1. How about segment 8-43: which of its residues are under 27 Å from residue 142 (Cβ atoms), in a helix (DSSP H, G or I) and either at pLDDT below 90 or of a type in the set (S, T, N, Q) (or both)?
2. Is at least one residue of segment 109-118 surrounded by 10 or more Cβ atoms within 10 Å (Cβ to Cβ), at pLDDT 85 or above, under 21 Å from the mean Cα position of the chain (by Cα) and aliphatic (A, V, I, L, M)?
3. Among all residue pairs at least 6 apart or on different chains, which show Cβ distances below 6 Å where the first residue, located in segment 79-97, is part of a loop (DSSP other than H, G, I, E, B) and the second is among the charged types (D, E, K, R)?
4. Among the listed residues 132, 128, 65, which satisfies the condition of being at pLDDT 90 or above and either assigned to a helix (DSSP H, G or I) or at positive phi (or both)?
Amino acid sequence: MPAEEAREATQDPDYDGFLVQQAKLGESEVWKYWFDEHYEQLYRYAYLRLRRKDEAEDLVAQVFLEAVKGIKRYEYKGRPIVAWLFGIAHNLIADHFKRQERRAGVEGTAAAGTGASGMEERIENIDLLNALDSLTDEQRDVVILRYFMGVKPRQIGEVLNKSEAAVYSLQARAIHALRGLMGEVESA
């Protein structure tokens, strides 16, 4: 399908339902389309949570494998398919950390190269990543999805099974906590 046609079609909620039906019938072009459309977002999310390129790539591949396995059970209810894919990624990441904790007996952390050019910028990025690690899982997911990936609060709510108001509340608490952790608390 041509890119323009695909972009226009994604604006139609019925089109997602059509694609789900086609995927259930084994139409490989649907999976290729979903992979092309959503891989980068899912990879960024996984990378920001896992901090290792190879683990993020493996996790995103696992997301699509789980989606292929689960498509027959998936019921389309008007939510964008990317919300389902993020939900799978979220669960796989949680499982990853549980396995890592069991193996190591401590929370897993991984140092990541940031690609920043200057030492000061790298230090700031490390500080931000450490501050993100201090948030609750839900707060961290909201910050990553909202600010690093540009996902709208309503869609974040769909991914995390929260109301839009709950997402805004998590976002506000996360920003307040990050400001405190990064030394930017306003004087009261």
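The values are calculated or read from the model by the stated rules, or taken from the named source; none is laboratory data. Predicted model only: the values in this text are computed from it and were never measured. Neighbour counts are summed over all protein chains in view; Cβ atoms, including those assigned to glycine, are modelled from backbone coordinates with ideal geometry.
1. Within segment 8-43, 10, 13, 16, 41 qualify.
2. no
3. 79/158
4. Numbers: 132 fails: at pLDDT 90 or above; 128 fails: at pLDDT 90 or above.
It is 65.
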